[in-house]
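Below you'll find the structure, written out as structure tokens, and then a few comments.
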Amino acid sequence: MSSEARLENDRRPGRFGLLTAIFCFVLAGAAPLFARNQAAGRDPKQPIDREYTDKIQKYTTEPYFTSPLVNYLPASKTVPTPKAVLGDVAGAPGILPYSSDVYKYMRMLEKASPRVKVFSIGHTEEGREMIAVAVSSETNLAHLDENRARLAKLADPRTIHLNDDEADQLVDASVPIYYITGTIHSVETGAPTALMELAYRLAVDESPYIQDIRNNMITLITPVVEVDGRDRMVDIYRWHLAHPKENWPPLIYWGHYVAHDNNRDAMGMTLRLTQNVLNTFVGWKAQVLHDLHESVPYLYDNTAGDGPFNAWLDPILTNEWEMIAWRNVADMTEFGMPGVFTHGDFDTWSPGYLMFIAATHNGISRLYETFGNGGADTEERTLQPGEYSRTWYRQNPPLPKVQWSQRDNNNYEETGLLTSLHYFEQNRKLFLKNFYLKAKRSVLKPTEEGPAAYVFPANDPRPGAQAHLLSILRMQACEISRAKEAFSVTVKVPAKKKTPDANAKDEGAGKSSDESGTEVKETEKTIQFPAGSYIVRMDQPYSRIADALLDHQYWSPEDPQKTPYDDTGWTFPELFDVPVTRVTDRKVLDVPMELVAEIKAGGGVNGSGAVFIISNNADTSLATLRYQMKDASIDAAEEPFDAAGQKFSRGSFIIKDANATDVQKAAEQLGLQAYAVASEPSVKTHPVRAARVALMHTWLSTQQEGWWREALDQMRIPYTYINTQTVAHENDLRSKYDVILFAPVGHANPTAIIDGMPTGWGNPLPWENTPQTPNIGKLDSTPDMRPGLGWEGVAHLQEFVRQGGVLVTTMDTSDFAVTLGLTPGVSVARPNHMKIIGSVVKARFVDSASPIAYGYDGSLSVYCDNGPIFDLSDLTSGRRFRQLGPEQGKRPTGRGTIEDPDFTPGRQAVAAPERPHVETWQAQPLTDEQLRNGIDVIPPASRPRVILRYGDAKELLVSGLVEGGDEIAKHAAVIDVPSGEGHVVLFSNNPIYRGETIGSYPLVLNTILNFDHLNAGRKLDAK
Ligand SMILES: [Zn+2]
């Protein structure tokens, strides 16, 4: 999946029973699994390419690292082998082709063989082409359109009125499509050459085994998914070949925006590569999407992986995973290839992986981890005991120590793929019928498991975010309808059980208002929706992806899987802050409605006048508008007000000196409702300036900040892209920037940010654009990636803030700011037993008058990944103990019952002064003792100001896994810390993440737009 080594070692007892059960089901349910596979190997009548075959054998390091399928290359008089482009065989040491070379070869194949066609499927962020190569018989390729028309009917069973007999006829007449994608992770380098050779074999090999594949199915290949990153990786490899004795620079930019998270985008559809692969998969009506990765020895088919499986998938699919995977293991074991297995640590819960495009669109998702060397060098590879030990699911494990070559990796990739293709072909009717059945069962969802639909109300106060979410569903190929008239639905209100509340101790002496203590039975309520409300019907072929994105997730702390591989919760309506109603009442499907092609928030100007008012509902478009109308004078209201017969919230924009046509145009384009009035409303305001924003990255990782860059680009908010080394050398940051965003680095400790990589030894690691590395150094560059921010950089950041700049930090960079003393009065507590792994949690606004909270009211669901846990103090003097709440009120040992007061024999009782109630997110009020000669007392105006805090323990979990949530419950989530003339704004949640957290983007945007008035609405402590 990625080179992060999370795929090992956690062998949990107690899993055996479950897996045995699954395996037995496969035994009983799928006879073809045990049908003898047709003899694999070359046709003796076909000549082989002797020279090429010798090279294959030369570069294969052990006789058992190959198979009868790939230990030779068939010769062709007309079709060129990969050597024509590579100059050597696929997988040869020292050879790593650029994407252009891979494409050049695929197009040579197309020219030379009627069995190959190349299709352009779109472009990357940096403008590089993506392709899909179809390989099949001449006849199949000549009838692609007819075949696609048949597959389209199976893909949408409504077109044949869910008629199984008609489906059977279509199955008989159709050839299936197996889609293979290579090198999404740019440091995993082997797939392109394996796929070049695979295409050649499929086109020219006349063995019956390959003929079966060619004649009865279409193999579709995207040899390079992350094209931008591939070309950079080849640059690095070439640099390494030119500097054989030196360390080489790590691939800091895998793609334009993100690193391994490009394989977490199948929900949000933010990246071009995801959009292009989805359009290809859905457009071709393919049955399988098989994605190639490299990290685990020697071939781990991780689709069957481990539980929990994603809850929204059809069990038909999860059984298909087992069938294909175990057959794959059996075939390759029979060939004598060690280290092939399928069960393992990877859970299949999150639907964010690229392969999941198939899983959520009625296909079959598959993923291989093979063993790559991160380049084309042949290396001695030494494994960890957990990797080479024999287990029940890995009876022929990898070897402890071997010479390993790129050719070995290519042999495993090609052999695995060929056996999969052949098995799929042999059972193609079963799989095609399943493809139809999964689509049919998706259409029948309202009458089977439900729900019937999801409804998005027409009167959503944040139409921009609503349109954004609906547009993602459109990209996912879901149908969206719009109600032609008002309607109502009945929804069930689930029973509230009174459970023993383990977190009750956190409730501040039982002061929580929502603690009722009574048991409430399931009830029903009726909800009214206005005409124009959006309805996502569940009786459509791709209902499962809509359901998976819009529903809530629950990951039990008791789940046997203790190491979730990725996020455990993602509920899009929560993260987008968009109200959506899950409706099981099937009457909703009878509401008169029409399909909508494009979803766009309506906008424009109402009324006439020289002043325009736009309400602030925390829509991201407001920030876009500010930068788009950069010459207009815009103020923000500091209090709610009425005007033009409307109510306007805090932070609403009041635009003056703007051309009415410009406002009209911008409002229409951005989906904002502007109200024109004759004169300014009388309300306290401050100017909203187009702040000069810098986004600072490290040279350690650009994975997390990449999502921030993506979001800013998407919203057309200009920024300067700087790095920690720039800051180290720039002693007047304030003259250039108003706001510096320091997005998460990713589990970086403060010293790593300061130190960077070791510079006391080794060679410089350049990241520069040179003739030798033409694809590198364009986003940013440095002659040496190693130095970090340094202590000068820390001082420069501190000075920037003191002079009025705003520094925004998140998660590990918040920890950095706190640890380095940039935020007096804030400390970070280490969790003891908390596990919040990529979950959606409830947060509540504490200070709605802060500009950071503009447009929000009450609460917000945010993305949280284990904090940090902030504590506040009005004293600078270091850390203090966390507030443990009720313990403070507990009585000491003494006379009487637990409710009684103690006494002191021989004197009258004296009542202690009552201590004020303090909330967990607040600082303890200062005592008179602390104030006397209070050297370390922070003056009221300089104290941290909490804007948003985490919810109470029992409401914290919105979606995903929350275990030990009481450790972070009620603690501050967003804090504005004044420092000199400026501010440091600390985030514990990640407000900008994977294009999925649109609801919390405005927390950052508000900070940017109000950078010089963050103290607005602030109430100061009396002392
Ligand atoms: Zn990977």
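The values are calculated or read from the model by the stated rules, or taken from the named source; none is laboratory data. All values derive from a computational prediction rather than experimental measurement. A quick note on method: Cβ atoms are made from the backbone with ideal geometry, for glycine too, and the neighbour counts reach across all protein chains shown.
Listing for the model above:
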| item | result |
| --- | --- |
| Pairs where the first residue, in the stretch 290-319, is touching a residue at least 12 places away in the same chain (Cβ under 8 Å) and the second is among the aliphatic types (A, V, I, L, M) and within 14 Å of the ligand (Cβ to nearest atom), C-beta under 6 Å, 6+ apart | 291/354; 291/355; 291/367; 292/191; 293/1; 296/7; 302/367; 303/367 |
| Test for residue 224: is it over 19 Å from the mean Cα position of the chain (by Cα) and within 16 Å of the ligand (Cβ to nearest atom) | yes |
| The stretch 394-451, residues that are of a type in the set (A, V, I, L, M, F, W, C), farther than 16 Å from residue 156 by Cα and crowded, with 22+ Cβ neighbours inside 10 Å | 402, 404, 417, 418, 421, 424 |
| Criterion violated by residue 78 - all others in (1) surrounded by 15 or more Cβ atoms within 10 Å (Cβ to Cβ); (2) at pLDDT 95 or above; (3) of a type in the set (Ser, Thr, Tyr) satisfied | (1) |
| Qualifying residue in the stretch 308-322 (condition: within 30 Å of residue 383 (Cβ to Cβ) and in contact with a helix residue (DSSP H, G or I) (Cβ under 7 Å, 6 or more places away or on another chain)) | yes |
| Filtered residue count, the stretch 62-96, keeping only those that are over 17 Å from residue 411 (Cβ atoms) and of a type in the set (S, T, N, Q) | 2 |
| Scan of the stretch 244-285 for residues that are touching a strand residue (DSSP E or B) at 6+ places or on another chain (Cβ under 9 Å) and of a type in the set (S, T, N, Q), ordered by number | 263, 275, 276, 279, 280 |
| Residues of the stretch 583-610 that turn out to be closer than 24 Å to residue 647 by Cβ and in contact with a Ser or Thr (Cβ under 6 Å, 6 or more places away or on another chain), as a count | 0 |
| Residue check for residue 235: farther than 25 Å from residue 772 by Cβ and in contact (Cβ under 8 Å) with a residue 24 or more places away in the chain | no |
| Whichever residue in the stretch 287-313 is within 11 Å of the ligand (Cβ to nearest atom) and of a type in the set (D, E, K, R) and, among such residues, is nearest to residue 374 (Cα to Cα) | 294 |
| Residue that is out of contact with any helix residue (DSSP H, G or I) (no Cβ under 8 Å at 6 or more places or on another chain), farther than 26 Å from residue 796 by Cα and without any contact (Cβ under 8 Å) to a residue 60 or more places away in the chain, where the choices are 949, 915, 932 | 932 |
| Any hit, the stretch 82-91, residues being modelled with pLDDT of 95 or more, of a type in the set (Asp, Glu) and touching a helix residue (DSSP H, G or I) at 6+ places or on another chain (Cβ under 6 Å) | no |
| Whichever residue in the stretch 959-990 is out of contact with any Leu (no Cβ under 7 Å at 6 or more places or on another chain), in a loop (DSSP other than H, G, I, E, B) and not charged (D, E, K, R) and, among such residues, is nearest to residue 806 (Cα to Cα) | 980 |
| Residues that are surrounded by 24 or more Cβ atoms within 10 Å (Cβ to Cβ) and within 16 Å of the ligand (Cβ to nearest atom), drawn from the stretch 182-221 | 182, 183, 184, 185, 186, 188, 189, 190, 191, 192, 194, 195 |
| Near pairs, Cβ below 7 angstrom, 6+ apart or cross-chain, from the stretch 769-789 (free of Cβ contacts under 8 Å to residues at least 24 places away in the same chain) to any residue that is surrounded by 19 or more Cβ atoms within 10 Å (Cβ to Cβ) and assigned to a strand (DSSP E or B) | 777/767; 781/767 |
| Answer from 618, 623 - the residue that is part of a loop (DSSP other than H, G, I, E, B) and either closer than 19 Å to residue 1016 by Cβ or touching a Phe, Trp or Tyr at 6+ places or on another chain (Cβ under 7 Å) (or both) | 618 |
| Pairs with Cβ under 8 Å, 6+ apart, first in the stretch 173-195 and without any contact (Cβ under 8 Å) to a residue 24 or more places away in the chain, second part of a helix (DSSP H, G or I) and within 15 Å of the ligand (Cβ to nearest atom) | none |
| Helices (runs of 4 or more DSSP H) completely within the stretch 648-746 that count 1 or more residues being free of Cβ contacts under 8 Å to residues at least 24 places away in the same chain and among the β-branched types (Val, Ile, Thr) | 660-670 |
| Tabulated pairs, the stretch 198-222, first modelled with pLDDT under 95, second buried (at least 23 other Cβ atoms within 10 Å of the Cβ), C-beta under 6 angstrom, 6+ apart or interchain | none |
| Pairs with Cβ under 7 Å, 6+ apart, first in the stretch 246-264 and acidic (Asp, Glu), second in a helix (DSSP H, G or I) | 261/703 |
| Residues that are surrounded by 11 or more Cβ atoms within 10 Å (Cβ to Cβ) and more than 30 Å from residue 841 (Cβ to Cβ), drawn from the stretch 902-926 | 902, 903, 926 |
| Residue 1008 vs. criteria crowded, with 24+ Cβ neighbours inside 10 Å and in a loop (DSSP other than H, G, I, E, B) | no |
| Residue, farthest from the ligand (Cβ to nearest atom), within the stretch 260-275, restricted to residues that are in contact with a Ser or Thr (Cβ under 8 Å, 6 or more places away or on another chain) and under 18 Å from residue 130 (Cα atoms) | 272 |
| Count - residues of the stretch 567-606 that are of a type in the set (Asp, Glu) and surrounded by fewer than 20 Cβ atoms within 10 Å (Cβ to Cβ) | 4 |
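One line per residue, one yes/no per condition, for (1) closer than 24 Å to residue 419 by Cα; (2) of a type outside the set (Val, Ile, Thr); (3) surrounded by 15 or more Cβ atoms within 10 Å (Cβ to Cβ):
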| site | (1), (2), (3) |
| --- | --- |
| 53 | yes, no, yes |
| 57 | yes, yes, no |
| 60 | yes, no, yes |
| 85 | no, no, yes |
| 91 | yes, yes, yes |
| 119 | no, yes, yes |
| 154 | no, yes, yes |
| 170 | no, yes, yes |
